[in-house]
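This report concerns only the one structure given below.
The values are calculated or read from the model by the stated rules, or taken from the named source; none is laboratory data. As the structure is a prediction and not an experimental result, all values here were calculated from the model. FYI the Cβ positions are ideal-geometry reconstructions off the backbone, even for glycines, and counts take in every protein chain you see.
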Amino acid sequence: MKKPLLTPRDLPRLLLGVTLGVVGAVAVVSPFSLIPRAWVEAPTSLPAPEHLPSTGPSHATWPPHEWTDDPKWHWVRYDDEGWSTGYVGTYRSLEDLLGPAPASDRQLSVPLFPTVYQPDNLDKLYYDWIAEGPIERGDKVLVIGTGSGADSWAVALKTQSKVYAVDINPLAVLNARVTARLGGFELEAVAGDFQAIELPKSFRDFDYVLWNMPFVEAGASDENFLSRNFHDGDDGTIATRFLERLPSLLKPEGVAVALNYALARNYLNTPGTTTHVAPDDEAAITDTTYMLFVVPNPGTAQ
């Protein structure tokens with residue numbers, strides 16, 4: 001009987017030989033030479049290939065349509081007019097904005113993860129207070145509901161120290177951590193409902209607690225709130241529990257700052273609370289006017 005060309009006992013030796021042969025070949029060829037240069041270096045422009053098929057299923061226009069898609073990023077900025085934000089626009093715009101840092105460090109481009117609240121120019125009152133208010137270098141600040149991390153970045157510009165954050169949405173916590181890496185600041189962020197979560201021991205003795213809150217709305221319900229990714233639709237319950245939790249978070253002389261509709265005055269009513277609206281809204285304040293609440297520690301307020 002003929003001896004088989006390959007027996008089961010020969011198989012391990014064959015596999016070892018093939019493996020060593022592949023490793024030897026890779027060792028001779030630089031690994032970077034195996035990667036198309038365009039994958040490693042982002043070109044400043046995209047020249048069209050010399051030969052594009054004119055017919056058939058592989059026909060393509062140049063540049064590819066993905067180059068003009070919305071990358072789901074926002075830019076955030078402080079300038080002489082205060083806070084502003086907007087869509088990056090396209091992937092090509094993103095390349096421009098992620099280029100060399102601007103002369104000022106008061107601009108950043110941030111990604112937006114699914115379900116995460118995006119920065120909005122309507123929140124200017126809140127962001128301008130962060131920049132122009134009494135927060136000082138070295139202050140310990142907690143941001144509740146940090147979303148994309150844009151407000152944590154704004155705080156870091158003032159404190160030049162670690163920022164603390166909590167958000168009920170785990171994707172928002174991841175988003176904020178990415179923003180911290182891009183913005184070059186230290187962030188300690190945890191996921192969970194601030195009303196119930198047992199926070200780390202480091203989440204104590206804050207000088208300031210900030211929150212661009214879920215807005216109080218007439219006729220709101222828990223079901224309405226949950227269906228909107230925790231963005232808006234508070235019936236007053238969240239605002240009330242916010243005040244209840246503050247004494248365990250703030251220093252005795254600490255302050256909470258929250259953005260909400262003016263309707264929240266019915267709930268954010270700790271003695272000594274002051275409110276602010278945009279100058280254009282002062283003449284006619286309604287329940288849906290954007291209002292900033294500066295709340296002293298309810299545990300020590302007189």
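Some observations on this one:
- Some residue of the stretch 150-160 being at pLDDT 95 or above, hydroxyl-bearing (Ser, Thr, Tyr), crowded, with 16+ Cβ neighbours inside 10 Å and within 14 Å of the chain's Cα centre (by Cα): yes
- Taking every residue in the stretch 94-113 that is farther than 15 Å from Leu157 by Cα and among the acidic types (Asp, Glu) and pairing it with any residue that is in a loop (DSSP other than H, G, I, E, B) and at pLDDT below 75, at least 6 positions away or on another chain, the pairs with Cβ-Cβ distances below 7 Å are Glu95/Ala42.
- Flag for Leu250 being at pLDDT 95 or above, over 21 Å from the mean Cα position of the chain (by Cα), buried (at least 17 other Cβ atoms within 10 Å of the Cβ) and not acidic (Asp, Glu): yes
- Residues in the stretch 142-163 that are outside any helix (DSSP H, G or I), farther than 19 Å from Pro214 by Cα and touching a Leu at 6+ places or on another chain (Cβ under 9 Å): Lys162, Val163.
- Taking the listed residues Lys140, Lys158, Lys124, the one that is closer than 23 Å to Tyr290 by Cα and basic (Lys, Arg) is Lys124, with no other qualifying.
- Residue under evaluation Asp280, criteria (1) exposed (fewer than 14 other Cβ atoms within 10 Å of the Cβ); (2) part of a loop (DSSP other than H, G, I, E, B); (3) of a type in the set (D, E, K, R), criterion not met: (2)
- Within the stretch 73-115, the set of residues being modelled with pLDDT under 85 and either of a type in the set (D, E, K, R) or surrounded by 12 or more Cβ atoms within 10 Å (Cβ to Cβ) (or both) comprises Gly89, Thr90, Tyr91, Arg92, Ser93, Leu94, Glu95, Asp96, Leu97, Leu98, Asp105.
- Among (1) part of a loop (DSSP other than H, G, I, E, B); (2) in contact (Cβ under 8 Å) with a residue 40 or more places away in the chain, the one test that Leu122 misses: (1)
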